[in-house]
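Quick notes on the structure that follows.
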Amino acid sequence: MTDADHLDPVEAGLEPGDPVSRIPERPLVTVLVPAYNEALKIMSSLTEIYAYMQALADRCDFELLVVDDGSTDETGDIAEAFARSRPEVRVVRQVVNMRLGQALRDGFRLSRGDIVVVFDSDLSYSVDHIGRMIDTMVDEQVTIVVASPYMKGGQVSAIPWRRELMSKQANRLLSMTSQYPIKTITAMVRAYNGPFIRNLSLKAMGPEINTEIMYKAQIMRARVAEIPAHLDWSDQAERMAKRKVSLRVSTTSKLLVFASFLYRPIAFFLVPGVLLLLISLWSAGSLLVTVWDNARIEGGNLDARLTHGFADAWDLRPQTFIIAGFSFVVAVQLISLGLLATQAKRYFEELFYAASRQR
């Protein structure tokens, strides 16, 4: 792992915050696997994850925690059958589908590990990512390690082009507004400092919980590392066709765009506000030129000449007066809203930080 793969909080524009619980040299690792309607894949996935974690026995202890999020197929039964002869495996079953956010919150709450690794139940990331994230967390003593397919050295395979395009654009926007220079803000496959993630107050119900975690980690000045990852859907086509679940691509993307507003609200008001202000100034400048040109050919004193100049300019270009005035008023309002939103964001972050420290 190169130094470029890791992010220092100072380089990320953050001040070092209070240290979280230090990861011991031989940590207990919770591998948290949320699952919904994964009957076609869950047995082979759990078998592969379990075997991989057993191979790490000289480096860490582990537990495998499966959260069945109200599956309507045999996912929960298969997971419980897998756990019966393996004391390291626990299964939590939701009565109904509560979506990813609730599944992760329940998993975090019930986890015991010094490190909590969230991993896909479909193994769209190979299991060796687990060991790489654990090594990074132990060696670097960071709070979060992100498996990032969009950073330098990462890659994606067999992702539908529309989904890949929307994901990349959403992550690019989030990365621009976040104080962390992370390339994959929405990534679910991550390793967390256990005490930190168990004490982080979270509320999102869907996939946007991953963005919420990064935002609140930023408030808490948590240290974050990013490692190159390979997101591979090569064997997903048949299984995705049979799964009774909507990917909700457009809905998720809208939520992620809104999340970028929470990261840096002033940009959403300041950019259009400044553009409208420039339009207003340009329109006003062109009107002054027209007024002056008309005033020069009029007779009388300066006041009378300017009055005639403005009257002639109105007759020639009334729409320019309207554009200049309207764009100026809206620009001032947008810039003011940006300042107010930024102040409200600062108040929220101070309250969240204080409440989290108190808890």
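The values are calculated or read from the model by the stated rules, or taken from the named source; none is laboratory data. Bear in mind that the values here come from a model prediction, so they are computed numbers and not experimental data. Backbone-built Cβ (ideal geometry, glycine too); neighbour counts: all protein chains shown. Heads up: the accessible areas ignore ligands, DNA and RNA and are worked out on the full protein's heavy atoms, side chains in. Shrake-Rupley method; radii C 1.70, N 1.55, O 1.52, S 1.80 Å.
Things worth noting here:
- Percent carbon-and-sulfur accessible area, the chain, ignoring ligands, DNA and RNA, probe 1.4 Å: 59
- Heavy-atom surface of the chain, accessible at 1.4 Å and reported per residue (Å²): 50
- Solvent-accessible ranking of Asp68, Asp235, largest area first, probe 1.4 Å: Asp235, Asp68
- For the stretch 266-358, the relative contact order works out to 45 percent when only alpha carbon pairs closer than 8 Å and six or more residues apart are counted.
- Ordered from highest to lowest accessible area with the whole protein assembly present and a 1.4 Å probe, Leu337, Leu231 read as Leu337, Leu231.
- Estimated purely from DSSP H runs of n ≥ 4, each contributing -39500 (n - 2.57), the mean residue ellipticity at 222 nm for the chain is -17500 deg cm²/dmol once divided by its residues.
- Residue-level accessible surface for Lys183, protein heavy atoms, 1.4 Å, Å²: 100
- Between Gly113, Gly206, Gly153, the Gaussian network model of the chain with springs among Cα atoms under 10 angstrom shows the greatest mean-square fluctuation at Gly153.
- Averaging the sequence gap over all C-alpha pairs within less than 8 Å and six or more residues apart, then dividing by the number of residues, gives the chain a relative contact order of 19 percent.
- Candidates Asp303, Asp114, Asp139, ranked by Gaussian network fluctuation over the chain, Cα under 10 Å, top entry: Asp303
- Rounded to 10°, Cα long-axis angle of helix 265-296 versus longest principal axis of the chain: 10
- Gaussian network model of the chain, Cα within-10 Å springs - most flexible of Asp315, Asp73, Asp58: Asp315
- Accessible surface ranking that places the most exposed of Met205, Met214 first, with a 1.4 angstrom probe: Met205, Met214
- Kirkwood estimate for the stretch 28-261, i.e. one over the average of 1/r between Cα atoms, Å: 17.8
- In Å², nearest 10: area of Phe62 left accessible to a 1.4 Å probe: 30
- Estimated FRET transfer efficiency (Arg22, Ala51; beta-carbon r; R0 35 Å; 0.05): 0.75
- Summed side-chain charge close to Ser111 - residues other than Ser111 whose Cβ falls under 14 Å, Lys, Arg +1, Asp, Glu -1: +1
- Cross-link pairs Lys152/Lys345; Lys41/Lys168; Lys183/Lys345 - those with Cα-Cα distance over 29 Å: Lys152/Lys345
- In degrees, nearest ten, helix 318-358 long axis to first principal axis of the chain (Cα): 30
- With Cα atoms, 0 to 90° folded angle of helix 209-219 axis to the chain main axis: 70
- Shape of the stretch 313-359, Cα gyration tensor, a/c cut at 1.5: prolate
- Note on Arg346: accessible area approximately 140 square angstrom, rounded to 10, probe 1.4 Å, nucleic acids and ligands left out.
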